[in-house]
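The values are calculated or read from the model by the stated rules, or taken from the named source; none is laboratory data. Being a predicted model, the structure only gives us computed values, none of them experimental. As a convention, Cβ positions derive from the backbone with ideal geometry for all residues, glycine included, and neighbour counts pool all protein chains shown. Remember, those area values only see protein heavy atoms, side chains included, never the ligands or the DNA or RNA. Shrake-Rupley method; radii C 1.70, N 1.55, O 1.52, S 1.80 Å.
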Amino acid sequence: MANPVRIRPAVGDDADGVTAVRRAVYEYKVMSPAATRHLITVSAPAERFLALVAEIDGELVAWGSAALNIWTSEPGQSHTSIFVHPKHRNNGIGSALAERLHQHLGEVGAVRTRAFVHPDGLEFARNRGYDGTRQMHYSRVDPRVLPEQPPTPDGIELVSMDQLDPRRAYVADSVATLDEPSDSPLDSIDYDRWLEEIWNGPALDKALSVAAVAGDEVACFTAVETDSDRAWSGMTGTIPPYRGRGLAKLVKSVALRRCAAAGITAAYTSNDDENGPMLAVNNWLGYRRIQTEMGLLRPLVG
Ligand SMILES: CC(C)(COP(=O)(O)OP(=O)(O)OC[C@H]1O[C@@H](n2cnc3c(N)ncnc32)[C@H](O)[C@@H]1OP(=O)(O)O)[C@@H](O)C(=O)NCCC(=O)NCCS
């Protein structure tokens with residue numbers, strides 16, 4: 001008989017175990033143990049964040065989390081994430097996690113939840129009421145092999161993110177994010193939350209992240225996160241008046257060169273299928289697609 005599965009709330013000390021399971025499921029989702037600990041232990045009360053882990057004989061084998069999306073003005077939007085180690089599938093663990101997370105979301109007022117689903121999980125998700133056609137592409141580049149760095153235009157200064165005033169970085173991030181394809185507009189990013197979750201969070205490597213500054217404004221930036229020898233693009237954004245001038249290509253060219261110099265051998269990113277400009281930038285840099293997930297939605301009431 002199979003050993004019993006224990007599902008319990010996640011705690012900070014689960015970070016290493018969760019990171020290992022995430023890596024076994026999705027080698028392309030780069031998140032360090034420190035960033036995972038932060039995810040588990042730091043959230044705004046309004047998010048009503050619930051993180052669960054499943055254990056068998058004390059070994060962590062699955063993760064499930066759900067929270068309200070507090071970065072949109074649309075009420076009741078939420079997100080859900082579930083992953084089960086490949087060796088422990090078809091044992092009811094994903095179903096048990098989904099049931100508890102959906103119940104929690106209903107109780108805290110969510111009307112809809114969004115999940116990004118790997119092809120292996122599509123049938124599971126569709127059987128539990130998830131639907132949609134949105135596609136998210138994951139891709140990878142070796143930062144030691146890049147096209148020639150474009151010239152820096154007149155009037156633009158390239159700086160590390162650690163030289164930036166956070167308020168100016170926040171303005172650029174929140175303005176650019178408005179145009180990122182998503183199910184709900186990300187139009188309600190609170191500065192203090194942004195400071196806690198992004199700017200002061202352990203994921204962002206400000207020394208590797210690069211901004212293109214024009215006078216007092218951050219015209220364009222790229223945020224780099226790392227986990228040992230792998231990097232993740234947290235966000236790249238250009239504020240509208242500066243788009244189409246090659247700045248995203250430039251800041252990513254510089255940041256990826258810094259990554260290579262810091263010992264990174266693989267840099268990953270994700271792009272919505274509808275994000276033509278960002279896909280063009282990444283294709284030019286040499287990123288190659290390694291996976292496509294579906295962005296699915298599930299109603300929670302009605
Ligand atoms: C994506 C974004 C960062 C690009 O910034 P940018 O500084 O304008 O980028 P660049 O000028 O360096 O390059 C733009 C490329 O997109 C191409 N492009 C522009 N619009 C396009 C479209 N609708 N479809 C396809 N390609 C497009 C341009 O032709 C150019 O490529 P090329 O030089 O090979 O011709 C900017 O549009 C943005 O901030 N968007 C909102 C935030 C966002 O979605 N960020 C990415 C999250 S993953």
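Within segment 98-123, if we keep just the residues that are farther than 15 Å from Ser81 by Cβ and assigned to a loop (DSSP other than H, G, I, E, B), the residue that is most open to solvent (accessible area, probe 1.4 Å) turns out to be Val111. Looking at Asp229, is it exposed (fewer than 15 other Cβ atoms within 10 Å of the Cβ), farther than 22 Å from Glu47 by Cβ and free of Cβ contacts under 8 Å to residues at least 40 places away in the same chain? It is true that Asp229 is exposed (fewer than 15 other Cβ atoms within 10 Å of the Cβ), farther than 22 Å from Glu47 by Cβ and free of Cβ contacts under 8 Å to residues at least 40 places away in the same chain. Each residue in segment 141-166 was checked for being open to solvent by 90 Å² or more (accessible area, probe 1.4 Å) and assigned to a strand (DSSP E or B), and 1 of them qualify.
Within segment 199-226, the set of residues being of a type in the set (D, E, K, R) and either open to solvent by less than 10 Å² (accessible area, probe 1.4 Å) or at pLDDT 95 or above (or both) comprises Asp205, Lys206, Glu217, Glu225.
What are the residues in segment 238-248 that are near the ligand (Cβ under 10 Å from one of its atoms), open to solvent by 20 Å² or more (accessible area, probe 1.4 Å) and free of Cβ contacts under 8 Å to residues at least 40 places away in the same chain, if any? If the condition is that a residue be near the ligand (Cβ under 10 Å from one of its atoms), open to solvent by 20 Å² or more (accessible area, probe 1.4 Å) and free of Cβ contacts under 8 Å to residues at least 40 places away in the same chain, then Tyr242, Arg243, Gly244 are the ones that fit. Scanning segment 179-199 for residues that are over 16 Å from the mean Cα position of the chain (by Cα) and free of Cβ contacts under 8 Å to residues at least 60 places away in the same chain turns up Tyr191, Asp192, Leu195. All of (1) open to solvent by 20 Å² or more (accessible area, probe 1.4 Å); (2) in a helix (DSSP H, G or I); (3) under 14 Å from Cys220 (Cα atoms) hold for Ala172 with one exception: (1).
One residue alone among Met235, Met294 is within 14 Å of the ligand (Cβ to nearest atom), assigned to a strand (DSSP E or B) and open to solvent by 30 Å² or more (accessible area, probe 1.4 Å), and that residue is Met235. Once segment 157-178 is narrowed to residues that are in contact (Cβ under 8 Å) with a residue 24 or more places away in the chain and of a type in the set (Asp, Glu), the residue that is farthest from the ligand (Cβ to nearest atom) is Asp162. Comparison of Val218, Val213 shows that the only residue that is closer than 23 Å to Trp71 by Cα, among the β-branched types (Val, Ile, Thr) and not in a loop (DSSP other than H, G, I, E, B) is Val218. Scoring Arg243 on the criteria (1) under 17 Å from the mean Cα position of the chain (by Cα); (2) closer than 30 Å to Thr133 by Cβ; (3) of a type in the set (Lys, Arg) leaves a single failure, condition (1). One residue is enough: does segment 267-277 have a residue meeting the conditions closer than 17 Å to Leu146 by Cβ, more than 15 Å from the chain's Cα centre (by Cα) and open to solvent by less than 10 Å² (accessible area, probe 1.4 Å)? Within segment 267-277, none of the residues are closer than 17 Å to Leu146 by Cβ, more than 15 Å from the chain's Cα centre (by Cα) and open to solvent by less than 10 Å² (accessible area, probe 1.4 Å). Set side by side, the residues Val281, Val251 differ, and just one is open to solvent by less than 10 Å² (accessible area, probe 1.4 Å), of a type in the set (A, V, I, L, M), within 22 Å of the chain's Cα centre (by Cα) and within 9 Å of the ligand (Cβ to nearest atom), which is Val251. From the set of residues in segment 254-266 that are open to solvent by 20 Å² or more (accessible area, probe 1.4 Å) and assigned to a loop (DSSP other than H, G, I, E, B), which is farthest from the ligand (Cβ to nearest atom)? Applying the filter and picking the extreme gives Gly263.
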